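The values are calculated or read from the model by the stated rules, or taken from the named source; none is laboratory data. A quick note: this is a predicted structure, and the numbers were derived from the prediction, not measured. As a convention, Cβ positions derive from the backbone with ideal geometry for all residues, glycine included, and neighbour counts pool all protein chains shown. Areas reflect the complete protein model, heavy atoms only, side chains present, ligands, DNA and RNA absent. Shrake-Rupley method; radii C 1.70, N 1.55, O 1.52, S 1.80 Å.
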Amino acid sequence: MPPTTEGTTEEAGPERRGAGGRATEAGAAERSWAARRASRAGPPPRLAVGQGAWFLVLPALIPVLVLSVGPLLYGILLAFTDAQSGRTAPTQWIGGLNFRDLWHDTLFWESFRIGLVWAVGVSVPQFLLALGLALLLHQDLRLRWLARALAIVPWAMPEVVVGIMWRLVYSPDAGVLNETLRDLGLGDGRDWLSGLTTALPAVIVVGVWAGMPQTTVALLAGLQNTPRELHEAAAVDGAGAWRRFRTVTWPALRPVALAITALNFIWNFNSFALVYVLTSGGPGGRTRLPMLFAYEEAFRYGQFGYAAAMGCVMVAVISVLLALFLVGRLKGGDQA
């Protein structure tokens with residue numbers, strides 16, 4: 001009969017169980033000691049969120065306060081004074097007298113009307129052309145990277161350079177536009193920037209050309225975030241190009257379109273450099289935007305207080321328009 005190993009197993013088992021039990025007791029003692037140490041040390045230190053946040057925000061907040069908020073508050077204060085250039089007498093507080101005079105200033109309100117026409121006349125074609133260009137650049141075309149690079153060239157050029165370049169294009173004697181019209185037999189050309197009826201449309205064309213790239217980039221980014229699966233599913237269902245755009249592309253693109261259109265309107269309404277280089281507000285004030293009018297009052301006629309009042313009115317109008325846009329966006333988000 002073969003020897004049995006039960007005794008050996010029974011003898012070895014307690015040894016192994018005893019070793020495991022001692023290891024378990026040692027681990028429990030170590031955990032208990034760590035728990036007592038943690039309880040004596042108290043909770044871990046917490047960062048002072050408020051102080052840390054202010055410390056991190058200060059490098060970006062100081063330039064905003066110094067370069068934006070400070071001049072804005074000073075301009076509002078200046079609007080209630082009779083500040084003028086070259087005065088030896090101290091500046092006096094006159095209350096709302098500048099705003100009262102501004103209310104009866106027909107030249108300012110005419111420039112305000114021209115500014116609205118300019119802003120709408122630039123923003124609407126700018127968006128429509130940029131939308132078409134973004135849809136084209138979104139397609140799988142050869143050398144698409146080159147086309148995208150060329151599309152943003154006007155955006156990379158300073159406004160002063162754009163204005164000088166387009167003055168050469170509109171030149172009545174040797175301008176590209178008039179030379180082309182002569183070659184096509186459509187007349188001897190004209191002075192586009194000096195005509196009472198052609199100056200504002202000519203400047204609007206330049207504004208559309210100069211501002212279209214940034215709108216194109218924003219809309220192209222929105223198109224690239226639209227899932228391709230939705231277009232493929234709509235195409236499988238038999239939807240044509242227009243229906244796919246109306247039911248798939250536009251709903252996804254609408255938030256970007258509304259935001260960039262609102263920003264374009266604000267930027268165009270506050271335009272200065274481009275129109276100043278092209279026409280300086282002429283002829284006969286037909287292209288005198290509100291910013292140009294305020295500039296002339298301040299630096300040509302020295303009426304700093306009156307010009308500051310104009311700036312306050314423009315800031316108020318832009319703030320109201322921006323508030324209406326934000327309220328509409330919030331309501332749209334709630335409904336969505």
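Identify, please: which residue in the range 134-190 is among the aromatic types (Phe, Trp, Tyr) and in a helix (DSSP H, G or I) and is, among those, least open to solvent (accessible area, probe 1.4 Å)? Among those residues, the one meeting the criterion is Trp166.
Taken as a whole, the range 112-131 holds no residue that is outside any helix (DSSP H, G or I), in contact (Cβ under 8 Å) with a residue 12 or more places away in the chain and out of contact with any Cys (no Cβ under 7 Å at 6 or more places or on another chain). Among the criteria (1) closer than 25 Å to Gly121 by Cα; (2) among the hydrophobic types (A, V, I, L, M, F, W, C); (3) surrounded by 14 or more Cβ atoms within 10 Å (Cβ to Cβ); (4) at pLDDT 90 or above, the one Phe304 does not fulfil is (1). Suppose the filter is more than 25 Å from the chain's Cα centre (by Cα) and either among the hydrophobic types (A, V, I, L, M, F, W, C) or assigned to a helix (DSSP H, G or I) (or both); does Ala298 pass it? Yes: the conditions hold for Ala298.
Name the single residue that is modelled with the lowest pLDDT among those in the range 44-79 being outside any helix (DSSP H, G or I) and open to solvent by 60 Å² or more (accessible area, probe 1.4 Å). Reasoning before the result, please.
At the first step, the residues of the range 44-79 found to be outside any helix (DSSP H, G or I) are 44-48, 79.
Subset that is open to solvent by 60 Å² or more (accessible area, probe 1.4 Å): 44-47.
Numbers: Pro44: 50, Pro45: 51, Arg46: 52, Leu47: 46.
Looking at the filtered set, the residue picked out is Leu47.
Whether a residue is in contact with a helix residue (DSSP H, G or I) (Cβ under 6 Å, 6 or more places away or on another chain) and either surrounded by 14 or more Cβ atoms within 10 Å (Cβ to Cβ) or assigned to a helix (DSSP H, G or I) (or both) was assessed, and Gly311 passes this test.
With respect to Leu102, is the statement that it is part of a helix (DSSP H, G or I) and open to solvent by 40 Å² or more (accessible area, probe 1.4 Å) true? No: the conditions fail for Leu102.
The residue of the range 191-214 that is surrounded by the fewest Cβ atoms within 10 Å (Cβ to Cβ), among those that are in a helix (DSSP H, G or I) and of a type outside the set (A, V, I, L, M), is Pro201.
Within the bounds of the range 126-142, is there any residue that is closer than 22 Å to Phe272 by Cα and under 22 Å from the mean Cα position of the chain (by Cα)?
As a first pass, look at the range 126-142 and keep what is closer than 22 Å to Phe272 by Cα: 126-127.
Imposing the further condition that a residue be under 22 Å from the mean Cα position of the chain (by Cα) reduces the set to 126-127.
So far as the range 126-142 goes, yes, one or more of its residues are closer than 22 Å to Phe272 by Cα and under 22 Å from the mean Cα position of the chain (by Cα).
Any residue at all in the range 252-259 that is in a helix (DSSP H, G or I) and open to solvent by 70 Å² or more (accessible area, probe 1.4 Å)? Even if it seems obvious, please write down each step before you answer.
Step one: list which residues in the range 252-259 are in a helix (DSSP H, G or I), which gives 252-259.
Going one step further and asking which of them are open to solvent by 70 Å² or more (accessible area, probe 1.4 Å), we end up with 254, 258.
Yes: one or more hits.
Screening the range 281-295 for residues that are open to solvent by 60 Å² or more (accessible area, probe 1.4 Å) and of a type outside the set (Lys, Arg) and picking the one that is farthest from the chain's Cα centre (by Cα) gives Gly284. Taken together, Arg286, Arg243, Arg254 contain a single residue that is basic (Lys, Arg) and modelled with pLDDT of 90 or more, which is Arg286.
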